[in-house]
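The values are calculated or read from the model by the stated rules, or taken from the named source; none is laboratory data. Quick caveat: nothing in here was measured; it's all calculated off a predicted structure. Here Cβ is always computed from backbone atoms with ideal geometry, including for glycine, and neighbour counts include all displayed protein chains. These area figures cover heavy atoms from the full protein model, side chains too; ligands, DNA and RNA do not enter into them. Shrake-Rupley method; radii C 1.70, N 1.55, O 1.52, S 1.80 Å.
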There are 2 protein chains.
Amino acid sequence: MINFQTSPDRYKHWQLNIDGPVAQLSMDVQEDQTLAEGYKLKLNSYDLGVDIELADVIQRLRFEHPEVRAVVLTSLKPRIFCAGANIYMLGTSSHAFKVNFCKFTNETRCAIEDDSKHSGRRYIAALNGTASGGGYELAIACDEIYLVDDGNSAVSLPEVPLLGVLPGTGGLTRLVDKRKIRRDRADVFSTLAEGLKGKRAKEWGLIDDSFPTSKFQEEVDARVEKVVSLRSGEVQDGSGIKLGPLQFESTNHTREYKYVGVKLHREKRYADLTIHGPEADLPSAPDEIEKLGDSYWPLRAYRELDDMLLHLRVNEPEIGLICLRTEGVIDNVIGVDQTLAANRDHWLIREIVLHMARVLRRLDLTAKSFFAIIEPGSCFAGNLLELALASDRSYMLNDTDSSLKIKPLEIVVSELNAGALPMSNGLTRLQSRFFAEPETIRYIFEVDRSFNTDDAEEIGLITFAPDDLDWEDEIRVAIEERTSLSPDALTGMEASLRFAGPESMDTKIFGRLTAWQNWIFQRPNAIGPQGALTNYGKPTQAQFDYKRT
Amino acid sequence: MINFQTSPDRYKHWQLNIDGPVAQLSMDVQEDQTLAEGYKLKLNSYDLGVDIELADVIQRLRFEHPEVRAVVLTSLKPRIFCAGANIYMLGTSSHAFKVNFCKFTNETRCAIEDDSKHSGRRYIAALNGTASGGGYELAIACDEIYLVDDGNSAVSLPEVPLLGVLPGTGGLTRLVDKRKIRRDRADVFSTLAEGLKGKRAKEWGLIDDSFPTSKFQEEVDARVEKVVSLRSGEVQDGSGIKLGPLQFESTNHTREYKYVGVKLHREKRYADLTIHGPEADLPSAPDEIEKLGDSYWPLRAYRELDDMLLHLRVNEPEIGLICLRTEGVIDNVIGVDQTLAANRDHWLIREIVLHMARVLRRLDLTAKSFFAIIEPGSCFAGNLLELALASDRSYMLNDTDSSLKIKPLEIVVSELNAGALPMSNGLTRLQSRFFAEPETIRYIFEVDRSFNTDDAEEIGLITFAPDDLDWEDEIRVAIEERTSLSPDALTGMEASLRFAGPESMDTKIFGRLTAWQNWIFQRPNAIGPQGALTNYGKPTQAQFDYKRT
């Protein structure tokens, strides 16, 4: 079982040194400390374990070190920055693992860019040696790239010529969409195993500058100093909060964190995932929230949800459907959202909301079906309503005409549904849902923010509203039908239907580039006995079937 | 060998009846008239042969029948409009054929939408019976959809539940992006084998209306009449021009049309494709051009290029690289472009330019590498310059310092490079190329429109400029290197690098949706011995590996 939780005291592959506003994050991969058997992480190549640490350190910088304004990514290995994803690891991994590995590393690169864009930290790749493949892809996720000019060090994307696969951790998309490399130069660069060195790499826009070995450190330092002085007002001074470990209890078919729990029905291929809403009387002042730290509900619950999603993706591949439920008090959720919305300028609140947005995007990008199940006692309100909007379908019990004298079931929107938690394509989930009728969104915010089942169905906030008599059967049949379908067809279908409207660099990476890479990851030319990935490093040569598809 | 040329007198599967401004296009697939052995085209299901006729009729409507304002797509089979792509054909086709088949059918659907958008013809799907799978995908390529309400007829996308593959002829993308079906409803619809009938199909936006059998014809007629009367001023009255067959001579390794020729180097896996520019003194007045008809160079040369691209895609799969050359007089090309630009309001000129744009988009979407080879005697100017801009790379001989007293090699832009020939994503190829520096485009148009090799290299219009001494070796090595690479990795790389910047519904279909479908088309869950596509119609049941990827 792969564990996505880590912390600095357990890092094997990265060193983080913080000196006031500057963090130096140095890659020093321990070649024997692999996540699986059968390969060595030579030359700062990485496996999922290395990237789990990277994702952790980027997350911690935001919460634990808000004073950091510049992050310098470099390597402790001489003459090598990073050789990219380990090829022997890829060659010996299952198709599903490769796909999940690439998705996670892509999300980590996007998290770097999210930090840069929204939290004002500047990422500087100080390439003290060659950055190839995923190593260069890590560099282009940074804001600035400096390469040592030692007559030897280069940047390269050698996947196509050496391995017969793509630079699939966003590499091709970032070349032309982020760094805006001319497409013919991107073509040449991506087919050139040895890559390009300083002068031409700069001329083509692949790096921002290169400096001789003797001046490299000095020049990078000067650049960092400039970045820091330009951003003196932008990032929070003072200390952050500590992200403690997420405790959970588990059995063979359950995993229970404090607010998030799952019950697996493996033989039926689905899981019930429940998120418990916040307690009453949470603080509303940022300084009190800082004191609560990582136990504050929006941070704790979404960190738990994130860890759960990653766990389910990688460790429970046969679970094809997740039924999402919430339990709690709607007013408490709305209260939290009001606090978050009112204090979005406070560094910690900003980070908490940005984190919630990232977790919800992780859900959008998870290759499992999601059904939201909206029942009495649930709290699909505000930020938790996003779970229903992110789901492929929602079922809400119709108790509107109930003769019982209880308050009818409701779903409720809050300010946070209006833009704080965007999808990867830049739309809110309400914009995505009401793509055909944007005026409905205004109605929802301006006229009525809470909806009983009848109203929710009529306005289109839910998919189905079975009544008490039909409820159990309808849910059961829906689950049985969904889990009987081809898991591959569902993955492709969901990846298409979830993202109507505009595309962004992120969605191009997760849609176009990833889909092509997944295709290639199955082709005999890559993974067959004569394939390039299989034969890498062996005395035998790859043999291609040259038919173009 | 598959032949992409056809004409009305040879149609087997479609009947075209033109009555003034209304064309009725009726599907009546002959089940034994298949393109290959091993399947029957029952229930108006289609194979590539059926779609080649559809593409032809849509093209001819634009050129031969400009008076047509409304096209009614219907079926001559009782109770069935179209059952979609034939499953047994898909089940017995190679992976590469399936991919090429889907690409061509997607291009045909896009051609319907191109006609509607740019030429003002309205396409009305009159579903006199069930439209399932590709049948419904054909309907949603139309502007309006009417379904008979006979208690039985439905629209459906049963690919996911029945076949374990996607509605990949644009279906999923058009659901949420074109018809803007709510994503959860799209999810339900796409997993419902039996589809939806009149009332609910209309409520969900899948059709525009439904009418009882007794009133169906009358209601459709009324709608058509309305369309025609609304558009009385928009489309050309009077007669069109005839599109004659494209003659060519071929040997085992050559194919020579009038203006376009290819020489295949099969053992080296590349082809030399040459386009000959226009003659001098072509007419510049639209009425004279109408008299020239299909022999007018821009129409003839681009129709030949289109046929050649389709031929190379499907019949020459091992050709991985196409070296594009032009031969002719630059002034003649520029002269043609001036004529086209000056008369774009004339119906025929408009159609000719729109056709050129479609052919160039076909090239952008062709899964082969393209190198433009710019040598003395070439005419990469205006519309033909697009071939160089569409190429993955360009090589231009550097003769700028030649002591020979000949005019140096040049490339030249024209008005047509400024927007008349857009890529699928809406950008011009110059915008795509200079995505990082849009100001260069203004310089190109305003300051200098012709570039010798030095200038072209400096401003960035070409990739490489070897001189006479290096030229042959450099081209030879570039060809050898390119054709040694994994054809799959190149296809994925080119699909990513060619489309920087915005995405449109078309690019989402060809990028995201197609790439996922191609992935699924290789999965054992679809095509393995127990796969759903393999087992369709057999007494055996599909067996899935339920691991999610």
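The table below lists the values:
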{"item": "Unmet criterion (only one of (1) in a loop (DSSP other than H, G, I, E, B); (2) at the interface with another protein chain (Cβ under 10 Å from one of its Cβ atoms); (3) among the small types (Gly, Ala, Ser)) for A:GLY537", "result": "(2)"}
{"item": "Among residues of the range A:1-34, those that are small (Gly, Ala, Ser) and within 20 Å of A:ILE87 (Cα to Cα), counted", "result": "0"}
{"item": "Failed criterion for B:ASN452 (all others in (1) within 7 Å of chain A (Cβ to nearest Cβ); (2) in contact with a Pro (Cβ under 8 Å, 6 or more places away or on another chain) hold)", "result": "(1)"}
{"item": "Which listed residue, of A:PRO161, A:PRO167, is open to solvent by 20 Å² or more (accessible area, probe 1.4 Å), within 21 Å of B:SER369 (Cα to Cα), touching a residue at least 24 places away in the same chain (Cβ under 8 Å) and not β-branched (Val, Ile, Thr)", "result": "A:PRO161"}
{"item": "Pairs where the first residue, in the range A:94-118, is charged (D, E, K, R) and the second is not in a helix (DSSP H, G or I), C-beta under 7 Å, 6+ apart", "result": "A:LYS98/A:PHE521; A:LYS103/A:LEU365; A:ARG109/A:ALA141; A:ARG109/A:THR169; A:ARG109/A:GLY170; A:GLU113/A:ALA141; A:ASP115/A:ARG121"}
{"item": "Qualifying position, being within 14 Å of chain B (Cβ to nearest Cβ) and not aromatic (Phe, Trp, Tyr), among A:ALA342, A:ALA271, A:ALA301, A:ALA285", "result": "A:ALA271"}
{"item": "Flag for A:TYR296 being more than 30 Å from A:PHE101 (Cβ to Cβ), within 14 Å of chain B (Cβ to nearest Cβ) and of a type in the set (Phe, Trp, Tyr)", "result": "no"}
{"item": "Residues of the range B:40-51 satisfying the condition of being under 19 Å from the mean Cα position of the chain (by Cα) and open to solvent by less than 10 Å² (accessible area, probe 1.4 Å)", "result": "B:TYR46, B:ASP47, B:LEU48, B:VAL50, B:ASP51"}
{"item": "Subset of the range A:480-521 that is hydroxyl-bearing (Ser, Thr, Tyr) and at the interface with chain B (Cβ under 7 Å from one of its Cβ atoms) - its residue that is nearest to A:HIS265 (Cα to Cα)", "result": "A:SER486"}
{"item": "B:GLU37 closer than 20 Å to B:ILE87 by Cα, open to solvent by less than 80 Å² (accessible area, probe 1.4 Å), of a type in the set (Asp, Glu) and not in a strand (DSSP E or B)", "result": "no"}
{"item": "Only listed residue being farther than 20 Å from B:TYR136 by Cα and among the hydroxyl-bearing types (Ser, Thr, Tyr), chosen from B:TYR88, B:TYR39", "result": "B:TYR39"}
{"item": "When residues of the range B:416-448 are limited to those that are over 30 Å from the mean Cα position of the chain (by Cα) and part of a loop (DSSP other than H, G, I, E, B), the one farthest from B:ASN383 (Cα to Cα)", "result": "B:VAL447"}
{"item": "Test: residue in the range A:108-124 that is surrounded by 24 or more Cβ atoms within 10 Å (Cβ to Cβ) and either on the phi > 0 side of the Ramachandran plot or within 15 Å of the chain's Cα centre (by Cα) (or both)", "result": "yes"}
{"item": "Search result, residues across the range A:240-264 that are surrounded by fewer than 20 Cβ atoms within 10 Å (Cβ to Cβ) and either at positive phi or not in a loop (DSSP other than H, G, I, E, B) (or both)", "result": "A:GLU249, A:SER250, A:THR251, A:THR254, A:GLU256, A:LYS263"}
{"item": "Residue check for B:ALA70: open to solvent by 10 Å² or more (accessible area, probe 1.4 Å) and not β-branched (Val, Ile, Thr)", "result": "no"}
